[in-house]
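Structure first, then comments.
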Amino acid sequence: MDTRASLSESPVIIADREAWEEINLRDAGTVEVEIGFGSGEYLLRRASQYPDRLFIGIEKKPGMITEVAKMVASRNLDNIRLLESCAREAFTELFPACSVSRAYSLFPDPWPKRKHSKYRLFSPQFLRLLNNRLISGSEALIVTDSEDYCNWVLTQLPGTGFEVENGTIPPQFDTRFERKWLKQELRTFFRILLRKTEHIEA
Ligand SMILES: C[S@@+](CC[C@H](N)C(=O)[O-])C[C@H]1O[C@@H](n2cnc3c(N)ncnc32)[C@H](O)[C@@H]1O
């Protein structure tokens, strides 16, 4: 049976506050967070590679959560938890300060139209929040196919407590969107690596 009700019983999906509190982030060791994991390829691969780390995937589309939860179960991965949420809300309400060891977002929605730019995730407000939730010295990785979006993110950074390293990279993540761009002959992506150098109160 493939229903939301049956999946809400999956231990992989964090369905409520009680399930979230059971994780006990303070004692969880190294915690990695993927924002907008989509079909979950990268999250699943990293979780298999690093069985001693805890991986929390945040995705706002319920269908993705359901599919990825099935894959987590079929691969017997016990170090992944999935949150159906907007990353802004999840970071605001659930994660305490200095609780995340690494965060990444592969091909975040670029919202290219000017009238939609208010929906872009990596605003100064979100970057300050992300900074606050990351452990000092840790990193957040953003990879995008859009040079405009990359340049926009770079302009959002002042005052967010990050040092930045950016440049172009070849395909290497084998996610659904990376494959989509490859089919369209796009082979250069934009990487923004943020290192937390100063703690921001949020
Ligand atoms: C372009 S897709 C990329 C998916 C995947 N990372 C990949 O590389 O194939 C962007 C994903 O981010 C999710 N997303 C967008 N905004 C989000 C937000 N504020 N919080 C959580 N997920 C978000 C979307 O639902 C979508 O699955």
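The values are calculated or read from the model by the stated rules, or taken from the named source; none is laboratory data. Keep in mind it's a predicted model, so treat the numbers as computed, not measured. No Cβ is skipped: glycine too gets one built from the backbone with ideal geometry, and neighbour counts run over all protein chains shown.
Based on what the data block shows, is ARG81 within 13 Å of the chain's Cα centre (by Cα), within 17 Å of ALA19 (Cβ to Cβ), away from the ligand (no atom under 11 Å from the Cβ) and of a type in the set (D, E, K, R)? For ARG81, the condition - within 13 Å of the chain's Cα centre (by Cα), within 17 Å of ALA19 (Cβ to Cβ), away from the ligand (no atom under 11 Å from the Cβ) and of a type in the set (D, E, K, R) - is met.
Considering the range 102-141 alone, what residues qualify as being of a type in the set (Gly, Ala, Ser) and more than 9 Å from the ligand (Cβ to nearest atom)?
ALA103, SER117, SER123, SER136, GLY137, SER138, ALA140, listed by residue number.
Considering only residues in the range 172-186 that are farther than 17 Å from PRO108 by Cβ and either near the ligand (Cβ under 9 Å from one of its atoms) or acidic (Asp, Glu) (or both), the one that is surrounded by the most Cβ atoms within 10 Å (Cβ to Cβ) turns out to be ASP174.
For the range 67-78, a residue qualifies if it is touching a residue at least 24 places away in the same chain (Cβ under 8 Å) and either within 13 Å of the ligand (Cβ to nearest atom) or among the small types (Gly, Ala, Ser) (or both), and the qualifying residues are GLU67, VAL68, ALA69, ALA73. Among the residues here, ILE80 qualifies as of a type in the set (A, V, I, L, M, F, W, C), touching a Gly at 6+ places or on another chain (Cβ under 9 Å), at pLDDT 95 or above and outside the structural domain of ALA140 (by TED's automatic domain parsing).
Looking only at residues in the range 78-133 that are hydroxyl-bearing (Ser, Thr, Tyr) and closer than 24 Å to GLY29 by Cα, which one is surrounded by the fewest Cβ atoms within 10 Å (Cβ to Cβ)?
Checking each candidate, the answer is THR92.
Pairs meeting the criteria (first residue in the range 150-171 and under 11 Å from SER123 (Cα atoms), second residue part of a helix (DSSP H, G or I), beta carbons under 7 Å, at least 6 apart or on different chains) are GLN156/PRO124; GLN156/LEU127; LEU157/LEU127; THR160/PRO124; THR160/LEU127; THR160/ARG128; THR160/ASN131. Which count do you get for residues in the range 23-51 that are closer than 18 Å to ALA97 by Cα and either surrounded by fewer than 13 Cβ atoms within 10 Å (Cβ to Cβ) or in contact (Cβ under 8 Å) with a residue 60 or more places away in the chain (or both)? Matching residues across the range 23-51 total 11.
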